[in-house]
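Read through the structure below, which is laid out as structure tokens, and then see the notes.
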Amino acid sequence: MVATAEMPAAVLPRAILANLSVGIVGAGIGGLATAVGLAGRGFKRVTVYESAPEVGEVGAGIQVAPNFCRVLGHFGVFDRLKAQAVRLEGASVRRYSDNEQINSTSFASLEEEYGAPTYVVHRADLHKALLDRALELGATLQTNAHVEGVNFEKTELKLQGRPALSHDLIIAADGIKSGIRGQMMARRGEVDETIPTGEAAYRVILPRRVMESDPELKALIDAPIATRWIGPDAHVVAYPIKAQEAFNIVTTHISNTVGLTEDWTARASKDIMLKRFDGWTETLLKCLRLAPPGELVEWALRIHLPLTGWIDNHTVLLADAAHATLPHIAQGAAQAGEDAAVLSTLLAKCQTKEDIPAALRMYERLRKPRADWAVEMARITGENLHMADGAAQKARDEALKRAAAGGKSPDRWGDKDTQRRLYGLDVVKQADQEYARL
Ligand SMILES: Cc1cc2nc3c(=O)[nH]c(=O)nc-3n(C[C@H](O)[C@H](O)[C@H](O)COP(=O)(O)OP(=O)(O)OC[C@H]3O[C@@H](n4cnc5c(N)ncnc54)[C@H](O)[C@@H]3O)c2cc1C
């Protein structure tokens, strides 16, 4: 059973919790999770600033790994998602050309081992659950609130067309394109550069009704399994979402059309997408052909090298702003959730404002090595999954087969050691223990 014991609000009626003014920049999964974490711990003055006129997420699925499930349980958010979530029973890795199953992993023991299984949900449901919970707990959201910059000495936010807003703490959860990270790095004489990986993603959601007439596709949406087809320069992840009423497909593929564009996206069509996967198994192509007609968006995937630090005075980076990742081990949002849980746990322990710098330093010390490592695991997994046919690919496939019986896997998402390290750590407990040692 997923631990749903919510984070206890601070035990003592400490004035700092009520009076500390926290400005969170960005209402993505990271920013909203932090708002939930802080408001749930008793912080009364939490404001989230979001550029967009409305908050929301792209229409796509997202995997909620056991470590993220645990955090959502602490936040009192998990139960709101459950009705729509699909609990994955396992994962299957298949060869791109003939659909041969190379590796199959059961997730039956995840809950026993780590206290939580893996779920898959629609991003919009996760986002809404976090937003509703944040507002219910008393956090404030300001939309149309574009932050132009930070005064790090004064802990002030500069918003378009408004006087500077003063806070006690600023949390920059402004995503991979984070302007605040750029400003922070420039102050250290560093250049802020996201790196085009050459990879891009298409996201497609199919309603159940379009799959039901084909027995093979019906079997795909009926099985609570994540299927990955792996091939040269690409792989595709697919699983049912929305209580198995919809089927989510995400491709990640090398693309020479999108990586360097200004807004990191390119318009594409179904025909272009189908051409890209020409020669792949008919099972996948049948799914892709069912994509709604019209334009598709191709998203460029970028990463960032590990930063030298996440803190500048009373401003701190969080989530993709701090550790943007490739999606190949499904840990971007999961690590964002862990950041939020750790930061809110540590801040709730501060007795006075003077304690905040030590809490921020501990947040960085606990979170940065782990998040940077997860980014590296995702990169390695992409490299391993995207091999061209040949000797190295055959050796990889043999390793994947051996991994099913417990060996080291080139696919870190399915690798037992990596899972132990990712899923086995209760970051809230760790933060509690570390703070007690101060
Ligand atoms: C194809 C793909 C699949 C993925 N699959 C998974 C998965 O299965 N599991 C998983 O855990 N992770 C997954 N991820 C990663 C996950 O989506 C991200 O890590 C996570 O959403 C990042 O959240 P964030 O809050 O840091 O950033 P974002 O979601 O980018 O949010 C940043 C917010 O800040 C706002 N903003 C930016 N600048 C400003 C400003 N100056 N002022 C005010 N507001 C501003 C933006 O408008 C935005 O709303 C995937 C990613 C991709 C690309």
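The values are calculated or read from the model by the stated rules, or taken from the named source; none is laboratory data. Keep in mind that what you see is a predicted model, and the values were worked out from it rather than measured. As a convention, Cβ positions derive from the backbone with ideal geometry for all residues, glycine included, and neighbour counts pool all protein chains shown. These area figures cover heavy atoms from the full protein model, side chains too; ligands, DNA and RNA do not enter into them. Shrake-Rupley method; radii C 1.70, N 1.55, O 1.52, S 1.80 Å.
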Legend entry - Given (1) of a type in the set (A, V, I, L, M); (2) out of contact with any Leu (no Cβ under 6 Å at 6 or more places or on another chain); (3) crowded, with 23+ Cβ neighbours inside 10 Å, number of the condition residue 316 does not satisfy: (2)
Inset, instruction - Considering only region 53-82, state which residues are among the small types (Gly, Ala, Ser), in a loop (DSSP other than H, G, I, E, B) and open to solvent by less than 30 Å² (accessible area, probe 1.4 Å). - result: 60, 65, 76
Legend entry - Filtered residues of region 213-236 (kept if open to solvent by less than 20 Å² (accessible area, probe 1.4 Å) and out of contact with any Asp or Glu (no Cβ under 9 Å at 6 or more places or on another chain)): 217, 226, 227, 229, 235, 236
Legend entry - Answer residue from region 297-315, given it is more than 13 Å from the ligand (Cβ to nearest atom) and among the aliphatic types (A, V, I, L, M) and is farthest from residue 216 (Cα to Cα) among those: 311
Legend entry - Residue satisfying all of: in region 288-305; open to solvent by 50 Å² or more (accessible area, probe 1.4 Å) and of a type in the set (A, V, I, L, M); farthest from the chain's Cα centre (by Cα) among these: 290
Inset, instruction - Working only within region 146-178, note down all residues that are within 11 Å of the ligand (Cβ to nearest atom) and surrounded by fewer than 21 Cβ atoms within 10 Å (Cβ to Cβ). - result: 146, 148, 149, 158, 159, 160, 175, 176, 177
Inset, instruction - With respect to residue 422, determine if the residue is in contact with a strand residue (DSSP E or B) (Cβ under 6 Å, 6 or more places away or on another chain) and either of a type outside the set (Asp, Glu) or surrounded by fewer than 16 Cβ atoms within 10 Å (Cβ to Cβ) (or both). - result: no
Legend entry - Candidates 221, 241, filtered to the one that is away from the ligand (no atom under 16 Å from the Cβ) and either aliphatic (A, V, I, L, M) or in contact (Cβ under 8 Å) with a residue 24 or more places away in the chain (or both): 221
Legend entry - Which numbered condition residue 263 misses (of (1) under 25 Å from the mean Cα position of the chain (by Cα); (2) among the acidic types (Asp, Glu); (3) more than 16 Å from the ligand (Cβ to nearest atom)): (3)
Inset, instruction - Search region 342-354 for residues being more than 14 Å from the ligand (Cβ to nearest atom) and open to solvent by less than 20 Å² (accessible area, probe 1.4 Å), and hand back the single one that is nearest to the chain's Cα centre (by Cα). - result: 342
Legend entry - First in region 396-419 and farther than 12 Å from residue 91 by Cβ, second anywhere and part of a helix (DSSP H, G or I) and open to solvent by less than 10 Å² (accessible area, probe 1.4 Å), Cβ under 6 Å, 6 or more apart: 412/381; 412/418
Inset, instruction - Please report, ordered by residue number, the strands (runs of 3 or more DSSP E) entirely within region 108-207 with at least 3 residues that are touching a residue at least 60 places away in the same chain (Cβ under 8 Å) and in contact with a Leu (Cβ under 7 Å, 6 or more places away or on another chain). - result: 169-172, 194-207
Inset, instruction - Among the residues of region 83-100, count how many are more than 15 Å from the ligand (Cβ to nearest atom), of a type in the set (A, V, I, L, M) and open to solvent by less than 50 Å² (accessible area, probe 1.4 Å). - result: 1
Inset, instruction - Would you tally the residues in region 319-328 being open to solvent by less than 20 Å² (accessible area, probe 1.4 Å) and part of a loop (DSSP other than H, G, I, E, B)? - result: 4
